[in-house]
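A.B. asks: Let me give you the structure first, and then I'll get to my questions.
The values are calculated or read from the model by the stated rules, or taken from the named source; none is laboratory data. Source: prediction; values computed, not measured. Backbone-built Cβ (ideal geometry, glycine too); neighbour counts: all protein chains shown.
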């Protein structure tokens, strides 16, 4: 058998495997979940300001009447996704995002950056902490908006993007980004985002893309810290753009994996909703995402669980918890409950397994409500959380749009002018 023939056969196998998870029934299922999920964004918001609530119960008797830059970013991206999915038309999408932009202009800011939380009714900040990652998710959403509706929304989106300066988060001493700073405490800065496989890498992408920090910062984050009992391997030392990187990793089920902090799905996969890590970083982040999903599936089987997917979420007892597979996290979150958004994040990585898992959740538990999937289930007791978190709702809807429309949200981000430096950056590294 010739090499070319072998390649063709492999490609055919891949196409067939992908098609198995893309049946008419799957599309109907995902489309209905998308419509239900979008209903949250329509109904769970302040009627005067239009800002979406942070969380809500099924009957909306309990709600989080505050929001964040991340939540607003989710609202913007989900509005575009709802238009893609035929739930709302273009005119309605533009009108909705225009209203959000008007509200953003009214919010108190510092150096063009938004505070971490605002009351949705009074628009007052609940504190004066400025978060790098939360601002980054809003920046990404502004890119989505100006690419989706350039004639109508590019002007305002571009103005807001230009006003944001991520250089204020940069620590010249170690080349890393601070978590954020507190304006009320003489701009006191807190912590550093040092774990590479975490959601915080989105802040580095945005800051590098805008030219506010250098690309070298990307290579200064830790790949895997040395932790006893995690199968740590120091890996090779490679040099990228003059920075020496120790390509360290853990070993789980016999396979190398670069860990996140907690071993949660959103740390590994949320950035991939917006940045083409699978296509541009197949030897690093793309492959690592597959291994993270496989590790979560394997862990659930080994633990005797009938469903899988661990990530920070609201638990059935009403408390918020950071959940994950401890073995693939440097710190390791406890494996407490299963959250549907984790499976939706895996749609483009393991589609057949993800859709099968979601159907199994729906069959076994009363986990679907007016606004789509509830936030979590305890698979051991069967208890379901009757709350929805807007961040998790956003990840679900964006993941569905990306899956059904060839990465629609992600393509808009990657075609934005601010992303011109990013493809080469993503492609450069090799893990393991």
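A.B. asks: Looking at 68, 55, 61, which is the one that is in contact with a helix residue (DSSP H, G or I) (Cβ under 7 Å, 6 or more places away or on another chain), farther than 27 Å from residue 149 by Cβ and either surrounded by fewer than 20 Cβ atoms within 10 Å (Cβ to Cβ) or at pLDDT 95 or above (or both)? Steps first, please.
C.D. replies: Numbers: 68 fails: farther than 27 Å from residue 149 by Cβ; 61 fails: in contact with a helix residue (DSSP H, G or I) (Cβ under 7 Å, 6 or more places away or on another chain).
Result: 55 is the single residue among 68, 55, 61 that is in contact with a helix residue (DSSP H, G or I) (Cβ under 7 Å, 6 or more places away or on another chain), farther than 27 Å from residue 149 by Cβ and either surrounded by fewer than 20 Cβ atoms within 10 Å (Cβ to Cβ) or at pLDDT 95 or above (or both).
A.B. asks: Only one residue in 396, 367 is without any contact (Cβ under 8 Å) to a residue 40 or more places away in the chain, crowded, with 20+ Cβ neighbours inside 10 Å and touching a helix residue (DSSP H, G or I) at 6+ places or on another chain (Cβ under 8 Å), so which one is that? Lay out the reasoning, then the answer.
C.D. replies: Working: 396 fails: without any contact (Cβ under 8 Å) to a residue 40 or more places away in the chain.
None of the other options fit; the residue is 367.
A.B. asks: How many of the residues making up the stretch 357-382 are in a helix (DSSP H, G or I) and under 17 Å from residue 404 (Cβ atoms)?
C.D. replies: The first filter runs over the stretch 357-382 and keeps only residues in a helix (DSSP H, G or I), leaving 357-364.
Next cut, under 17 Å from residue 404 (Cβ atoms) only: 358-359.
So the count comes out to 2.
A.B. asks: Out of 154, 131, 200, I need the residue that is over 29 Å from residue 268 (Cβ atoms) and either crowded, with 20+ Cβ neighbours inside 10 Å or without any contact (Cβ under 8 Å) to a residue 60 or more places away in the chain (or both). Which one? Give the steps one after another, and end with the answer.
C.D. replies: Values: 131 fails: over 29 Å from residue 268 (Cβ atoms); 200 fails: over 29 Å from residue 268 (Cβ atoms).
On inspection, the qualifying residue turns out to be 154.
A.B. asks: When you go through (1) out of contact with any strand residue (DSSP E or B) (no Cβ under 8 Å at 6 or more places or on another chain); (2) surrounded by 23 or more Cβ atoms within 10 Å (Cβ to Cβ) one by one for residue 381, which number turns out not to apply?
C.D. replies: Condition (2) is where residue 381 drops out.
A.B. asks: Sticking with this one: I'd like to know if the stretch 347-362 contains one or more residues that are without any contact (Cβ under 8 Å) to a residue 40 or more places away in the chain and touching a strand residue (DSSP E or B) at 6+ places or on another chain (Cβ under 6 Å).
C.D. replies: The answer is yes; a qualifying residue exists.
A.B. asks: Separate question: Is it the case, given these coordinates, that residue 103 is in a helix (DSSP H, G or I) and free of Cβ contacts under 8 Å to residues at least 60 places away in the same chain? Working first, answer last.
C.D. replies: Values: in a helix (DSSP H, G or I): yes; free of Cβ contacts under 8 Å to residues at least 60 places away in the same chain: yes.
Taking the combined requirement at face value, the residue satisfies it.
A.B. asks: I would also like to ask the following. Go through the stretch 238-328 and tell me which helices (runs of 4 or more DSSP H), entirely inside it, have 3 or more residues that are surrounded by fewer than 22 Cβ atoms within 10 Å (Cβ to Cβ), touching a residue at least 24 places away in the same chain (Cβ under 8 Å) and out of contact with any strand residue (DSSP E or B) (no Cβ under 6 Å at 6 or more places or on another chain).
C.D. replies: Numbers: elements: 265-269, 277-280, 285-302.
Of the helices (runs of 4 or more DSSP H) lying wholly inside the stretch 238-328, those with at least 3 residues that are surrounded by fewer than 22 Cβ atoms within 10 Å (Cβ to Cβ), touching a residue at least 24 places away in the same chain (Cβ under 8 Å) and out of contact with any strand residue (DSSP E or B) (no Cβ under 6 Å at 6 or more places or on another chain) span 285-302.
A.B. asks: I need the full set of residues from the stretch 213-237 which are surrounded by fewer than 17 Cβ atoms within 10 Å (Cβ to Cβ), in a strand (DSSP E or B) and in contact (Cβ under 8 Å) with a residue 12 or more places away in the chain, in order please.
C.D. replies: Hit for the stretch 213-237 is 233, nothing else.
A.B. asks: Just checking, which of 417, 379 is over 24 Å from residue 24 (Cα atoms), without any contact (Cβ under 8 Å) to a residue 60 or more places away in the chain and more than 19 Å from the chain's Cα centre (by Cα)?
C.D. replies: Values: 379 fails: without any contact (Cβ under 8 Å) to a residue 60 or more places away in the chain.
Every option except 417 fails the conditions.
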